[in-house]
Amino acid sequence: MEENSKKYKGEVEESKSDNSALIVNDGVAQPPQINPNINKYRRPKQNLGVDDYVNGILDGNVNILGRAITLIESTKSEHFELSQTIITKCLQHTKKSVRIGITGVPGVGKSTFIEALGMHIVKSGHKLAVLAVDPSSERSGGSILGDKTRMEDLAAHPNAFIRPSPSAGSLGGVARKTRESIILCEAAGYDTVFIETVGVGQSETVVHSMVDFFLLLMLAGAGDELQGIKRGIMEMADAIAINKADGNNIQKANLAKAQYENALHLFPPTESGWTPKVITCSALKNTGIPDLWQTIQDYLNFTIDNGFFDDNRNNQAKFWMYQTINESLREKFYNNKSLKNKLKEYENKVLSNEISSFIAAKELLDFYFSKK
């Protein structure tokens, strides 16, 4: 009888299910991950009108400013219309701030540098807005948006506003709506605006087209100091800051400074007439930061006196008008319902060599404009 009760040959008493050591008793019931009473304490998100946004921005309310920038970044059509109305009403209240673009290769210490320079600026009595751009994943489209955690002191300062935004595939790693965000920050009373880029080292023209001063951060001892790939960015730079010039790296930083100064003399004269400066600094040790801020002030005084500052702002406004037209036309073209099937049809014709790419593009454009 006992032999027949065994489930398999060689089974012993301890291995039966009732006596198995593998049985786990029910423990303490785990609480839910989300508090079921959260709705009691959650404040309802207030729907704001145009005047609420504009008045909040003009009063310097950072929460409303952040929500307005979220509207600008939104892809919803209703948000677009609301954000454009807000921008239009804020335009007349904008004061001329200093717009500074900051770029550099990953690992150069941009976040640490921005905090060091930013703290120096706010302690001098200025109000600073940092529009930091985080790289978006090509696969998921997600972004960490962790700049506030890297700039703890600056993020906590009452005269500083830090807004991380995803690059979302924008050219040069700059969020497409950054320029509109600058207008809102200026209306909110921020007299200095930083635009931090991803620093991909490719096309930084977009940054250059929305700032007054373009700063390039470099490292010493990280390879060939005069790589040809850097030339395009170096020609746009109004100053080059060699960061991490501390400890055993000071000698290398001074050598790199001399090399960059020699290289800059080989470039054609700048449009502004300004001679770009090279400065060594250490954001970690806070050395060279006051000198760099003074260089920016010298540049602004120089370009204001010779009229380049205003001319540059006007050219930038014109550039962004045409840029917006191009983007709008592109968006309307690809979202045209009658074109979607034709695009696939012409794509197959091009792949099967029935028609050239150029003729296909011309015929599709002719079809689009004939339907207008």
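Tell me whether the range 138-154 contains one or more residues that are modelled with pLDDT of 90 or more, of a type in the set (D, E, K, R) and closer than 29 Å to Leu215 by Cα.
Checked against the condition, which is being modelled with pLDDT of 90 or more, of a type in the set (D, E, K, R) and closer than 29 Å to Leu215 by Cα, the range 138-154 yields no hits at all.
Which of the residues spanning the range 101-120 are surrounded by fewer than 23 Cβ atoms within 10 Å (Cβ to Cβ) and either modelled with pLDDT of 95 or more or outside the structural domain of Lys285 (by TED's automatic domain parsing) (or both)?
Answer for the range 101-120, where residues must be surrounded by fewer than 23 Cβ atoms within 10 Å (Cβ to Cβ) and either modelled with pLDDT of 95 or more or outside the structural domain of Lys285 (by TED's automatic domain parsing) (or both): Met119, His120.
Pick out, from the range 255-372, the helices (runs of 4 or more DSSP H) lying fully within it that include 3 or more residues that are farther than 30 Å from Lys96 by Cα.
308-334, 337-351, 357-370
May I ask you to say which residue of Ala245, Ala241 is in a strand (DSSP E or B) and at pLDDT 90 or above?
Exactly one of Ala245, Ala241 is in a strand (DSSP E or B) and at pLDDT 90 or above, namely Ala241.
Taking only pairs six or more apart or across chains, which ones have beta-carbon atoms under 6 Å, a first residue in the range 344-355 that is modelled with pLDDT of 95 or more, and a second residue that is aromatic (Phe, Trp, Tyr) and outside any helix (DSSP H, G or I)?
No pair meets every condition.
Cβ-Cβ distance below 7 Å, separation of 6 or more or different chains: which pairs start in the range 95-122 with a residue that is within 20 Å of Asn286 (Cα to Cα) and without any contact (Cβ under 8 Å) to a residue 12 or more places away in the chain and end on one that is hydrophobic (A, V, I, L, M, F, W, C) and surrounded by fewer than 22 Cβ atoms within 10 Å (Cβ to Cβ)?
none
Each row is one residue, and each column tells you yes or no for (1) closer than 19 Å to Leu216 by Cα; (2) of a type in the set (D, E, K, R).
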residue: Lys252; (1), (2): yes, yes
residue: Pro269; (1), (2): yes, no
residue: Gly273; (1), (2): yes, no
residue: Cys281; (1), (2): yes, no
residue: Ile289; (1), (2): yes, no
residue: Leu292; (1), (2): yes, no
residue: Leu300; (1), (2): yes, no
residue: Asp311; (1), (2): no, yes
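Which of the following residues is of a type outside the set (A, V, I, L, M) and farther than 24 Å from Arg179 by Cα: Phe369, Phe309?
Within the list Phe369, Phe309, the selection yields Phe369.
Mind checking which residues of the range 86-100 are surrounded by 14 or more Cβ atoms within 10 Å (Cβ to Cβ) and either of a type outside the set (D, E, K, R) or assigned by TED's automatic domain parsing to the domain that holds Ile183 (or both)? Walk me through it before giving the result.
Applying the first criterion (surrounded by 14 or more Cβ atoms within 10 Å (Cβ to Cβ)) to the range 86-100 yields 86-87, 89-90, 93-94, 97-100.
Within the range 86-100, Ile86, Ile87, Cys90, His93, Thr94, Ser97, Val98, Arg99, Ile100 qualify.
Pull up the range 193-237, narrow it to residues that are at pLDDT 80 or above and part of a loop (DSSP other than H, G, I, E, B), then point me to the one that is farthest from the chain's Cα centre (by Cα).
Of everything passing the filter in the range 193-237, Ala220 is farthest from the chain's Cα centre (by Cα).
Write out, first by first residue and then by second, each pair whose Cβ atoms fall under 6 Å of each other, whose residues are 6+ apart or on separate chains, and whose first residue, in the range 317-335, is under 15 Å from Glu180 (Cα atoms) while the second is outside any helix (DSSP H, G or I).
From the range 317-335, the pairs are Phe319/Ser209.
Test Ile250 against the stated conditions and say whether it is assigned by TED's automatic domain parsing to the domain that holds Leu217, under 26 Å from the mean Cα position of the chain (by Cα), in a helix (DSSP H, G or I) and among the aliphatic types (A, V, I, L, M).
Against the criterion (assigned by TED's automatic domain parsing to the domain that holds Leu217, under 26 Å from the mean Cα position of the chain (by Cα), in a helix (DSSP H, G or I) and among the aliphatic types (A, V, I, L, M)), Ile250 does not qualify.
I'm told Gly173 meets every condition in (1) in contact with a Lys or Arg (Cβ under 9 Å, 6 or more places away or on another chain); (2) crowded, with 19+ Cβ neighbours inside 10 Å; (3) small (Gly, Ala, Ser); (4) modelled with pLDDT under 80 except one. Can you identify the failing condition by its number?
With respect to (1) in contact with a Lys or Arg (Cβ under 9 Å, 6 or more places away or on another chain); (2) crowded, with 19+ Cβ neighbours inside 10 Å; (3) small (Gly, Ala, Ser); (4) modelled with pLDDT under 80, Gly173 is out only on (1).
Residues are listed down the side, and each one gets a yes or a no for (1) polar (S, T, N, Q); (2) more than 18 Å from Val207 (Cβ to Cβ):
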site	(1), (2)
Ala245	no, yes
Asn254	yes, yes
Phe267	no, yes
Tyr299	no, no
Asp310	no, yes
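Taking the range 286-309 on its own, how many of its residues are free of Cβ contacts under 8 Å to residues at least 60 places away in the same chain and exposed (fewer than 15 other Cβ atoms within 10 Å of the Cβ)?
Counting residues in the range 286-309 that are free of Cβ contacts under 8 Å to residues at least 60 places away in the same chain and exposed (fewer than 15 other Cβ atoms within 10 Å of the Cβ) gives 9.
The values are calculated or read from the model by the stated rules, or taken from the named source; none is laboratory data. Every value quoted in this text rests on a predicted model; they were computed, and no experiment measured them. With ideal geometry, Cβ positions are generated from the backbone for all residues, glycine too; neighbour counts draw on all protein chains shown.
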